[in-house]
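Data first, discussion second: the structure below is written as structure tokens.
The values are calculated or read from the model by the stated rules, or taken from the named source; none is laboratory data. Quick caveat: nothing in here was measured; it's all calculated off a predicted structure. In this analysis, Cβ positions are derived from the backbone assuming ideal geometry, glycine residues included, and neighbour counts consider all displayed protein chains.
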Amino acid sequence: MTQRVIKVRTKPSYEIIIKPGLLSEIPEDLKANFSFGKVAIITDSNVEKLYGRSLLNLLQSSGISAKLFSFPAGEQSKNMDTVVLLSRHLIRSNFDRHDLILALGGGVVGDVAGFLASIYLRGIPFVQVPTSLLAQVDSSIGGKTGVDLPEGKNLLGTFYQPARVYIDPEVLKTLPESNLRDGLAEVIKYACTLKPKLFSFLEKNHHAVLSLKDKALLRIIYDSCQAKAQVVSKDEKESGLRRVLNFGHTLGHALEAYADYKLQHGFCVAVGMVFACRLSERLRLAQTGLTERVERLLKLYQLPTRISELGLKVDRADVPKILSYFGRDKKVWKGKLTLVLLKNLGDFVFYEVSETKTLESVLEELL
Ligand SMILES: NC(=O)c1ccc[n+]([C@@H]2O[C@H](COP(=O)([O-])OP(=O)(O)OC[C@H]3O[C@@H](n4cnc5c(N)ncnc54)[C@H](O)[C@@H]3O)[C@@H](O)[C@H]2O)c1
């Protein structure tokens with residue numbers, strides 16, 4: 001199957017390469033395109049077993065000096081302790097600025113390894129090899145790196161672009177289904193806001209996508225990466241357009257925080273997208289029917305459309321508390337809460353909230 005290439009026009013710019021089976025071609029591509037000394041593969045305990053050790057062998061057998069460093073899988077490893085531990089291992093293994101970090105894993109590995117790369121010896125080049133759908137369509141692109149603090153998620157971080165992103169859709173065949181859903185919610189986000197043709201494709205091809213057919217995966221990953229690349233190329237540091245990527249995430253993040261981060265991100269975003277669509281209709285920005293179409297698509301991909309489906313026991317009295325989380329994160333724009341709403345598929349608006357009554361009543365409908 002032919003490879004697809006997308007250019008991300010940030011400073012510096014870089015390419016995203018998408019191709020089934022690409023993992024085995026990484027050593028030759030690295031040698032052909034970059035000059036570097038050693039390679040440090042950074043991965044987690046799950047991905048190490050599935051792909052880390054074989055990639056290490058591949059690199060070594062193509063004459064590249066490489067070492068693998070892994071940490072326990074999961075969000076609980078996304079902290080400064082992991083960054084410090086990895087840094088000390090790298091120092092003791094004599095990695096310097098002429099060497100290269102290769103981030104192999106989901107969003108946690110990408111965020112930790114990217115952050116480490118941005119501060120290790122004041123910056124060392126890194127490439128992303130995302131292995132979860134969420135990382136392939138979202139977190140590996142755009143240069144946001146970071147770790148969590150006990151006080152909140154992603155509170156320490158940098159903008160640091162990778163030198164290249166290698167996406168091999170075949171690795172998704174081992175991804176647990178619940179993690180696949182997290183990525184699908186992001187794919188649907190791009191389809192709603194920026195890629196109406198992708199929306200139709202997802203409607204017509206859900207069997208092919210859910211059974212991970214190569215062609216279908218390639219299409220949804222390519223379209224999603226293109227959408228994200230377009231946005232971050234125009235707005236590298238979230239000063240405007242990049243906010244569109246928050247579609248569905250305002251309520252999504254509020255629900256996650258309300259439930260102490262025990263819920264699945266993609267599920268919360270799915271309900272958040274229904275909320276944004278309903279609100280768009282209620283405010284007469286969008287025509288009646290938009291929400292129904294988005295809900296139908298989410299159901300096709302077995303994503304929830306109501307808060308009760310998240311397993312959360314919430315009643316009307318809890319609505320103000322959930323809404324209180326709206327103001328706490330990045331959705332507050334120059335002092336005002338701004339939501340991403342839709343006029344139609346592929347036609348979004350930034351909506352400044354001036355009163356909360358309507359938000360409350362729409363949220364009550366989603367309990
Ligand atoms: N930097 C950004 O722009 C950005 C954007 C969105 C999300 N994020 C971050 O991404 C993180 C979530 O990413 P995630 O959902 O990939 O979580 P994750 O990295 O924890 O991966 C999910 C699970 O899947 C496993 N896994 C990954 N690839 C696999 C494969 N091919 N086969 C089998 N198992 C595999 C991992 O070991 C892990 O257990 C969060 O920390 C979030 O803050 C960052």
Inset, instruction - Give me a count of the residues in the stretch 325-357 that are at pLDDT below 90 and not aromatic (F, W, Y). - result: 14
Inset, instruction - May I ask you to verify whether K173 is within 11 Å of the ligand (Cβ to nearest atom) and at pLDDT 95 or above? - result: yes
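Working only within the stretch 37-57, note down all residues that are buried (at least 20 other Cβ atoms within 10 Å of the Cβ), touching a Leu at 6+ places or on another chain (Cβ under 9 Å) and not in a strand (DSSP E or B). Show your work before the answer.
At the first step, the residues of the stretch 37-57 found to be buried (at least 20 other Cβ atoms within 10 Å of the Cβ) are 39-44, 46-48, 51-52, 55-56.
From the residues that got through so far, the ones that are touching a Leu at 6+ places or on another chain (Cβ under 9 Å) too are 39-44, 47-48, 51-52, 55-56.
Those that are buried (at least 20 other Cβ atoms within 10 Å of the Cβ), touching a Leu at 6+ places or on another chain (Cβ under 9 Å) and not in a strand (DSSP E or B): V47, E48, Y51, G52, L55, L56.
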Inset, instruction - Return only the number of the condition from (1) on the phi < 0 side of the Ramachandran plot; (2) in contact (Cβ under 8 Å) with a residue 40 or more places away in the chain that L212 does not satisfy. - result: (1)
Inset, instruction - Among what's in the stretch 148-161 and is more than 11 Å from the ligand (Cβ to nearest atom) and in contact (Cβ under 8 Å) with a residue 60 or more places away in the chain, pick the residue that is nearest to the chain's Cα centre (by Cα). - result: Q161
Legend entry - D29 closer than 28 Å to S224 by Cα, among the acidic types (D, E) and buried (at least 16 other Cβ atoms within 10 Å of the Cβ): no
Inset, instruction - Looking only at the stretch 215-237, decide whether some residue is farther than 24 Å from G106 by Cβ, small (G, A, S) and touching an Asp or Glu at 6+ places or on another chain (Cβ under 9 Å). - result: no
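Can you tell me which residue in the stretch 98-110 is nearest to the ligand (Cβ to nearest atom), limited to those that are assigned to a loop (DSSP other than H, G, I, E, B) and touching a Gly at 6+ places or on another chain (Cβ under 7 Å)?
D99
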Legend entry - Inter-residue pairs, beta-carbon under 6 Å, first under 12 Å from F350 (Cβ atoms) and among the basic types (K, R) and in the stretch 231-256, second at pLDDT below 95 and outside any helix (DSSP H, G or I), 6+ apart: R242/D235
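Starting from residues that are in a strand (DSSP E or B) and in contact (Cβ under 8 Å) with a residue 40 or more places away in the chain, keep the ones in the stretch 111-142 and report whichever is farthest from the ligand (Cβ to nearest atom).
Residues of the stretch 111-142 in a strand (DSSP E or B): 126-130.
Still in the list and also in contact (Cβ under 8 Å) with a residue 40 or more places away in the chain: 127, 129.
Numbers: V127: 15, V129: 10 Å.
By that ranking, first place goes to V127.
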Inset, instruction - Look at I188 and say whether it is in a helix (DSSP H, G or I) and under 20 Å from L90 (Cβ atoms). - result: no
Inset, instruction - Return yes when T145 is within 10 Å of the ligand (Cβ to nearest atom), touching a Ser or Thr at 6+ places or on another chain (Cβ under 7 Å) and of a type in the set (S, T, N, Q) and no when it is not. - result: yes
Legend entry - Positions within the stretch 188-204 being without any contact (Cβ under 8 Å) to a residue 12 or more places away in the chain and not basic (K, R), in sequence order: S200
Inset, instruction - Evaluate the stretch 179-187: report whether one residue or more is surrounded by fewer than 24 Cβ atoms within 10 Å (Cβ to Cβ), over 18 Å from the mean Cα position of the chain (by Cα), more than 8 Å from the ligand (Cβ to nearest atom) and of a type in the set (A, V, I, L, M). - result: no
